[in-house]
Each structure stands twice: as C-alpha cells, then as structure tokens.
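The next block holds one structure in the form of structure tokens; read it before the comments.
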C-alpha cells in the first residue's frame, strides 16, 4: 500500500476512534457506499490472498450496519441517479459489486444477500468462466494449501523450493511465487508441480470459478445483475480491443441479462472501479469530479468493526 493510502486509512481510523467522525458526519457523511468485493469465504476457510477475501461474518456485519442505520440496499443501476441528486430525500445507499466470477459468490455470498434482500452485481472474467484462461495465482494458492513444500524448476537456477509447513510460510511462499508470474517458465513448472502433488488444474478452476451453467442460473435470481469484467485480467489497449469478444461471450453464456461493462465504459462501473483503489482519484469524468471521495483498499484481516467503519461508513462518499 502506498504511503498516501496508508495516510488516508490512518486518518479515517483516528477519526473513528476519537469520535470526531460522528461530529463530521453531517458535513462529510456522503450519500452512500459501494462495496467492491471479490471472494466471500467463511472464517474457517484458509486463504493466501486475504486482500481479495471478505469473510461471511464481516460482510454480514456490514449489511447489518447498513440496515440498522437505515441505509437503502440498492442495485448498481440506481447509483448514478442517487449521485446526480435525482432521488431527493432518499436515504443513504449501499451497493455491492463482486469481481471475477468466483464460485464462492454463489455458494457463500448469495445466501447472505438473500438474507438481507441485498442486490449485487457480478463482473465475471469470461475467460475463467469458459476455462480458456487459467488463473495461475489460484493454481499456486491451491498447490501451497495442500503441500508442506513445493519445488519449482527454474530453467537457469534449477530447483526453487518454497516452504509451506505453516500458514505464515504458505503466505510468504505465495508472495514469492506471485512476483514471478508472467515469466514463461513458471506455468510449465506449476503444472509439473501440480502433477507431482496429484492436483488437476481443471478441477482447481472448477472449484474456484463459476461455470457458464452456474452463471446462467445466477443471472435468473432477481437480486443479481451480471456485468462483464473482461476476457482476461489484462488492462490497456489489448484488453479493451477484446471488448466485443467479451460481450459476445457473456451474451452466449447468460443471454441478455448483462447490464454493465467494466471500466472505463460506463458511469456506474467507473464509480465502482475507483472505490478502494489506492492512488487513483475517484470520480474522474462524466461530470462526477468532486462528488466522490476515494477510500483506499481495506485489508480483509482487519477487524469486523474496522471493516464496517471503512466500508459502510467511510468508503464511498457522494456530495450531499
């Protein structure tokens, strides 16, 4: 996390702990919040990527906070009108998005959203859903979680050993492997390590991501809006150039239920994308500059109360 993001997080936490946030809320409390999430997992499921995981208990507490304080749980479709002031007299809002199309969004997230009647938007990576794209960080995580040690063969340095006897060692090893992603030898080496451990990469993807059949069933739930993230997780001209393929893939997979494209294509997603992204000014373009205050990413290892304060109270502010 950059020092600017750390400074913002520290300032928000100090305001909360001192009680000054309550005094400033009438002036800076804003119109609502958008929670930009990825994975939803129970507390007892280990992960080596805590930064993209919200625990079920944390999310339940955030939703309870919103309901208890009279917030409206709304679809992403409603956010632009709320920020533009077209719903005068309305209460604060909370909208929810989930990136990448993880299977746990349906297994663990959906029951929770149904419990609170909370609309949400899924942005699947169509390459992962089609199984034409392998998520190598996910493969590395699955490999480390089931092994006390793994060995990756480097073409010039030879065997590279990564320890995994404890969760702390697994997290450190995962961080080291993640730094190597993109190097051409790594995919082959991870595949060989999976074979040695008796792991099937297709099965790893099936346990991690929604299939087209599951995504289609998901889209028929009235609380769910299906958007589209991308074909791959890349950015820049190459990724944008595949937007037609991305949209066709989604239409073929789930029909015409898709209502959003991932940034920078439409206003709602431009808003959602810039929440919790350190170092990126929120509200760029579309007449929204100055109406949104950016909040840096909050680590999932923070306490539930801190998560609620950051996400539901301070994360996303429109101009009142």
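Computed from the coordinates by the stated procedures, all read-outs in this text should not be read as laboratory data. On a predicted model such as this, the values are computed, not experimentally measured, just so you know. Reconstructed Cβ throughout: ideal geometry from the backbone, glycine too, with neighbour counts over all protein chains shown.
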D for the range 136-205, whole µm²/s, Stokes-Einstein with Kirkwood Rh over alpha-carbon pairs at 37 °C and 0.692 mPa s: what number? 275
Order by protection proxy (mean Cβ within 10 Å, highest first), peptides 179-185, 150-156, 123-129: 123-129, 150-156, 179-185
Sequence-separation-based contact order of the range 148-224, relative, with Cα cut under 8 Å and 6+ spacing, percent: 22
Among 218-224, 61-67, how do they line up by average Cβ neighbours within 10 Å per residue, starting with the highest? 61-67, 218-224
Tell me the label-point distance for the pair residue 132, residue 165, using the 7 Å Cα-to-Cβ offset, in nm and rounded to one decimal. 4.5
The computed P(r) of the range 1-155 puts the percent of Cα pairs beyond 21 Å at 60
Inter-site label distance for residue 117 and residue 151 at 7 Å from Cα along Cβ, in nm: 6.0
What's the extension gain from residue 192 to residue 172 if we count 0.36 nm per residue and subtract their Cα-Cα distance? 5.1 nm
